[in-house]
1. Among the listed residues ALA206, ALA155, identify the single one that is closer than 23 Å to SER48 by Cα and at pLDDT below 90.
2. Could you run through region 190-214 and say how many residues are surrounded by fewer than 23 Cβ atoms within 10 Å (Cβ to Cβ) and β-branched (Val, Ile, Thr)?
3. Taking the residues in region 216-226 that are at pLDDT below 90 and part of a loop (DSSP other than H, G, I, E, B) as candidates, determine which candidate is surrounded by the most Cβ atoms within 10 Å (Cβ to Cβ).
4. Tell me, please, whether a residue that is free of Cβ contacts under 8 Å to residues at least 12 places away in the same chain, farther than 29 Å from THR306 by Cβ and in a helix (DSSP H, G or I) can be found in region 162-170.
5. Looking only at region 127-157, filter to residues that are hydrophobic (A, V, I, L, M, F, W, C) and part of a loop (DSSP other than H, G, I, E, B); which one of those is surrounded by the most Cβ atoms within 10 Å (Cβ to Cβ)?
6. Could you check ALA88 against (1) touching a Pro at 6+ places or on another chain (Cβ under 9 Å); (2) of a type in the set (Gly, Ala, Ser); (3) closer than 17 Å to ALA206 by Cβ; (4) surrounded by fewer than 18 Cβ atoms within 10 Å (Cβ to Cβ) and say which number it fails?
Amino acid sequence: MSTTEAAAARPQATPAPRWRGLALMLAASLFFGSSGVIGKPAMQAGLSPEQVASARIVISALVLFAGVGLLRPSLLRVRPGEWRVLIAYGLLAVAGVQLFYFIAASRVPVGVAILLEFTSPVLIAFWVRFVRGTRLPRPMWAGIALAMTGLAMVARVTEGLRLDTVGLLAGLGAAVCSAVYFLLGEHGVSSRHPLGMVTWGMGFGAIAMCVVAPPWTLPREALTAAATFGPWQPPVYVLLIAVAIISTVLAYLAGLAALRHLPASVASVLGLGEPLVATALAWALLGEALAVVQLIGAAVLLTGATLVQLYSGRAQPGTPAEPLPDPAEEPRP
């Protein structure tokens, strides 16, 4: 069954599931947004971004396979036709997003890298409009534009911008992988339980990250070193476990569960709250103050996301766009 067919076969969301999906997507944004705040002290203690990402995904995979294997082993059963989706989800939606983002962040300002990654709602909107043939309401496009404008203000991308071709391409690669996260997730949860899908996806993502940055090469002295995390001084390995459980396992589970109640075009825009969460947590725990322009941008971002949510009911997946008239069937004068 194709993505369009699966979406068309899915019943219309009732108000209660839609609000449940909204709550789950906001929770996912909170969990995902915590990754930078938890992972940054580990990088300051001596680990590279690639090593932190690798440890994050590998620990998450081990936790998920152990938990699901003991409690719900039936969720690990895979039909022959599902392997391609699960492998693609693991390589792109799990490992790809992390790898491309860190490459971009190493070559362009972090704010620019975040903005490039979170252009994924625009890519999804174009996919839904021109590939699925769904006509999106004009206010929904206006909401996307507002959300992206607010995100640019929160990230303060006008400060220190330097164009780097590799960094630009890597950021766009992260955006494509982020779009895949929503589209493949929406397709996968139509036939699989979110817990089974995220477990297999994390497993394939862990295999990919072991090639890029094998976790067994992590320096032991860095793992046991004390890191500064707000008023606490936890060892680095505690932060790695936290970023795996909170910012990865819970985040992916909440995001996939939300896609059972929300179309990808809506969930991806609501996911724009992640940079806002990350900025607020960085201010609270790392002392990174918010500027006035960021506060204004946060309000603009939330306004755009709310606008998309309000008008999303008029653009359900699988709703065909109005077809162009057939010249042969047009009435003759």
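1. ALA155
2. Within region 190-214, residues that are surrounded by fewer than 23 Cβ atoms within 10 Å (Cβ to Cβ) and β-branched (Val, Ile, Thr) number 3.
3. Per the stated criteria, the residue is LEU218.
4. There is at least one residue in region 162-170 that is free of Cβ contacts under 8 Å to residues at least 12 places away in the same chain, farther than 29 Å from THR306 by Cβ and in a helix (DSSP H, G or I).
5. Filtering region 127-157 for residues that are hydrophobic (A, V, I, L, M, F, W, C) and part of a loop (DSSP other than H, G, I, E, B), the one surrounded by the most Cβ atoms within 10 Å (Cβ to Cβ) comes out as LEU136.
6. ALA88 satisfies all of (1) touching a Pro at 6+ places or on another chain (Cβ under 9 Å); (2) of a type in the set (Gly, Ala, Ser); (3) closer than 17 Å to ALA206 by Cβ; (4) surrounded by fewer than 18 Cβ atoms within 10 Å (Cβ to Cβ) except (1).
The values are calculated or read from the model by the stated rules, or taken from the named source; none is laboratory data. Everything quoted here is computed from the prediction, not taken from an experiment. In this analysis, Cβ positions are derived from the backbone assuming ideal geometry, glycine residues included, and neighbour counts consider all displayed protein chains.
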